[in-house]
Amino acid sequence: MKKKIVETKLYKINKKVKFESGVEFGPITVAYETYGTLNENKDNAVLVIHALTGTAHAACYNSEEDKKPGWWDDLIGEGKAFDTNKYFIISTNILGGCSGTTGPSSINPETNKPYALSFPVFTIEDTVKVQKELLDYFGIKTLYAVAGGSMGGMEAIQFTISYPDMVKSAILIATTSRLSPQAIAFNAVGRNSIISDPNWNNGNYYENTEKPDRGLSNARMIGHITYLCEEAMYNKFGRKLQNKNHYDFNFDIDFQVESYLQHQGQIFVDRFDANSYLYITKAVDYFDPAKKYGSLQNAFKDTNAKFLVISFDSDWLFPSSQSKEIVNTLMQLDKDVSYCEIKSSCGHDAFLLEYEVQSKIIKSFLNEHIKEKSFEI
């Protein structure tokens with residue numbers, strides 16, 4: 001079957017955007033992809049938001065040579081959960097990223113050199129503000145839905161808070177309203193791994209032959225452990241040795257799980273920027289609407305969206321208890337909220353792997369929304 005090709009496009013915000021820190025920063029280029037057609041009323045748009053190290057490439061292929069489609073391809077397309085026959089799907093690369101949207105590896109027009117650590121620290125609220133600029137460019141005043149998993153779910157939460165009259169429904173998957181101390185600790189160790197790499201050079205490594213690959217690889221290995229769960233690791237690796245029948249009695253790789261993590265670290269450095277990892281994980285750490293607004297109830301009290309919250313029983317990074325806190329808060333506020341905990345052995349990564357059951361839940365949720373608002377396709 002012929003591959004469906006989609007182009008990653010760029011939109012330039014030719015002004016300064018005021019960040020939560022008070023810093024005004026710009027211009028900003030936003031990388032994005034779209035699937036489906038925006039209707040005449042411009043009210044069938046669905047914004048899907050990637051996780052920590054994702055890109056704007058959510059579905060289809062960028063070229064005939066691509067071996068894999070976008071990260072949510074099983075959920076986006078004709079007849080799928082996010083049905084492109086009904087909806088206009090938008091996916092962007094996060095502010096501070098390294099896949100087209102302006103970040104620390106981008107060229108500062110004032111110096112003609114990469115921003116590096118002169119790039120301002122930003123928050124989840126800032127990333128949402130930048131995405132809103134893109135929606136304004138399309139003339140979209142109403143989002144039929146905003147959806148995201150993990151960090152993407154945090155941004156979806158923030159969208160409902162920052163733009164309550166814009167967002168009609170929100171799909172929050174494997175996410176949280178704030179990181180636990182344990183999750184912050186894992187991010188801190190990952191950042192420290194990068195900063196401790198002698199090739200990091202205080203963030204100024206772009207023109208050097210040697211990059212902080214070891215530190216970034218280790219950060220990815222640390223992060224990847226949190227995306228799995230004990231059951232998934234046992235099912236996938238157990239205590240199997242890697243291409244051997246006995247221990248080598250040295251410090252080389254003995255176990256398959258060691259080899260797997262090393263491989264994940266190695267392939268990660270080929271596609272991601274170390275400084276972007278620092279900035280994005282810090283933005284995730286800072287996300288805490290309950291603290292900013294005084295309580296989670298205060299944060300959600302003015303939202304008008306219908307909510308669908310999905311969690312996975314084996315996710316120990318963002319456990320179901322954190323999703324239930326969101327659900328309980330919304331219920332106390334008499335908001336329209338649906339909740340489903342999915343049984344899975346995939347850990348936090350389940351939101352990228354458990355397509356079949358998620359598809360049924362999401363499709364049902366969006367279809368119910370359609371019955372109440374019949375827009376022209």
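Go over the candidates TYR260, TYR247, TYR286 one by one and state the one that is open to solvent by 20 Å² or more (accessible area, probe 1.4 Å), closer than 23 Å to VAL146 by Cβ and among the hydroxyl-bearing types (Ser, Thr, Tyr).
After ruling out the rest, the residue left standing is TYR286.
Could you check GLU33 against (1) modelled with pLDDT under 95; (2) under 21 Å from the mean Cα position of the chain (by Cα); (3) of a type outside the set (Lys, Arg) and say which number it fails?
Answer for GLU33: the failing condition is (1).
Could you tell me which residue of the stretch 99-131 is most open to solvent (accessible area, probe 1.4 Å), considering only residues that are part of a loop (DSSP other than H, G, I, E, B) and in contact with an Asp or Glu (Cβ under 6 Å, 6 or more places away or on another chain)?
Filtering first and then ranking leaves SER105.
Restricting to the stretch 185-206, give me the number of residues that are under 21 Å from SER106 (Cα atoms), in contact (Cβ under 8 Å) with a residue 12 or more places away in the chain and open to solvent by 40 Å² or more (accessible area, probe 1.4 Å).
5
Taking the stretch 80-98, which residues are open to solvent by 10 Å² or more (accessible area, probe 1.4 Å) and touching a strand residue (DSSP E or B) at 6+ places or on another chain (Cβ under 6 Å)?
Residues satisfying the conditions are THR84, PHE88.
When the stretch 90-112 is examined, which residues are found to be touching a residue at least 12 places away in the same chain (Cβ under 8 Å) and more than 22 Å from the chain's Cα centre (by Cα)?
PRO109
Out of the residues in the stretch 345-357 that are in contact with a helix residue (DSSP H, G or I) (Cβ under 7 Å, 6 or more places away or on another chain) and over 17 Å from THR176 (Cβ atoms), which is surrounded by the most Cβ atoms within 10 Å (Cβ to Cβ)?
CYS346
Determine whether the stretch 127-141 contains at least one residue that is closer than 23 Å to GLU368 by Cα and touching a residue at least 24 places away in the same chain (Cβ under 8 Å). Spell out how you get there, then give the answer.
Step one: of the stretch 127-141, the residues closer than 23 Å to GLU368 by Cα are 140-141.
Right, trim to touching a residue at least 24 places away in the same chain (Cβ under 8 Å) and you get 140-141.
Scanning the stretch 127-141, I find at least one residue that is closer than 23 Å to GLU368 by Cα and touching a residue at least 24 places away in the same chain (Cβ under 8 Å), so the answer is yes.
Examine the stretch 317-334 for a residue that is touching a helix residue (DSSP H, G or I) at 6+ places or on another chain (Cβ under 9 Å), charged (D, E, K, R) and not in a helix (DSSP H, G or I), and state whether such a residue exists.
No, there is no match, as no residue in the stretch 317-334 is touching a helix residue (DSSP H, G or I) at 6+ places or on another chain (Cβ under 9 Å), charged (D, E, K, R) and not in a helix (DSSP H, G or I).
Return a yes/no flag: does the stretch 147-155 have any residue that is open to solvent by 10 Å² or more (accessible area, probe 1.4 Å), over 20 Å from the mean Cα position of the chain (by Cα) and within 25 Å of PHE318 (Cα to Cα). Working first, answer last.
Kept after step one, since they are open to solvent by 10 Å² or more (accessible area, probe 1.4 Å), are these residues of the stretch 147-155: 150.
Narrowing the set further to residues that are over 20 Å from the mean Cα position of the chain (by Cα) leaves none.
The answer is no; no qualifying residue exists.
Please go through the stretch 1-19 and give me each residue that is closer than 21 Å to VAL121 by Cα and either open to solvent by less than 80 Å² (accessible area, probe 1.4 Å) or under 20 Å from the mean Cα position of the chain (by Cα) (or both), ordered by number.
Of everything in the stretch 1-19, those that are closer than 21 Å to VAL121 by Cα and either open to solvent by less than 80 Å² (accessible area, probe 1.4 Å) or under 20 Å from the mean Cα position of the chain (by Cα) (or both) turn out to be ILE13, VAL17, PHE19.
Any residue at all in the stretch 52-65 that is at pLDDT below 95 and open to solvent by 40 Å² or more (accessible area, probe 1.4 Å)?
Within the stretch 52-65 (the criterion being at pLDDT below 95 and open to solvent by 40 Å² or more (accessible area, probe 1.4 Å)), the answer is yes, since at least one residue qualifies.
Consider only pairs whose beta carbons are under 8 Å apart and that are at least six residues apart or on different chains; among these, list those whose first residue lies in the stretch 239-268 and is under 25 Å from LEU216 (Cβ atoms) and whose second residue is assigned to a loop (DSSP other than H, G, I, E, B) and open to solvent by 80 Å² or more (accessible area, probe 1.4 Å).
So the pair list comes out as ASP254/TYR247; PHE255/ARG239; PHE255/LYS240; GLN256/LYS240.
Could you tell me which numbered condition SER162 fails, if it satisfies all but one of (1) over 21 Å from GLU325 (Cα atoms); (2) open to solvent by 10 Å² or more (accessible area, probe 1.4 Å)?
(1)
Would you call GLY238 open to solvent by less than 60 Å² (accessible area, probe 1.4 Å) and closer than 24 Å to LEU353 by Cα?
Spelling it out, GLY238 is indeed open to solvent by less than 60 Å² (accessible area, probe 1.4 Å) and closer than 24 Å to LEU353 by Cα.
So if I check each of PHE272, PHE268, PHE307, PHE312, which one is open to solvent by 10 Å² or more (accessible area, probe 1.4 Å) and either in contact with a His (Cβ under 9 Å, 6 or more places away or on another chain) or aromatic (Phe, Trp, Tyr) (or both)? Talk me through it step by step, then tell me what you get.
Details: PHE268 fails: open to solvent by 10 Å² or more (accessible area, probe 1.4 Å); PHE307 fails: open to solvent by 10 Å² or more (accessible area, probe 1.4 Å); PHE312 fails: open to solvent by 10 Å² or more (accessible area, probe 1.4 Å).
Answer to the selection: PHE272.
How about the stretch 114-144: which of its residues are under 18 Å from ASN41 (Cα atoms), among the β-branched types (Val, Ile, Thr) and touching a strand residue (DSSP E or B) at 6+ places or on another chain (Cβ under 7 Å)?
Within the stretch 114-144, ILE140 is the sole residue that qualifies.
So how many residues does the stretch 132-146 have that are assigned to a helix (DSSP H, G or I) and open to solvent by less than 10 Å² (accessible area, probe 1.4 Å)?
Total satisfying the criteria: 2.
Looking at the stretch 221-236, which of its residues are more than 23 Å from the chain's Cα centre (by Cα) and either modelled with pLDDT of 95 or more or among the polar types (S, T, N, Q) (or both)?
Hit for the stretch 221-236 is ASN235, nothing else.
The values are calculated or read from the model by the stated rules, or taken from the named source; none is laboratory data. All values derive from a computational prediction rather than experimental measurement. Cβ sites come from the backbone with ideal geometry, for glycine too, and all protein chains shown count toward neighbours. What goes into the accessible areas is simple: the full protein's heavy atoms, side chains included, and nothing from ligands, DNA or RNA. Shrake-Rupley method; radii C 1.70, N 1.55, O 1.52, S 1.80 Å.
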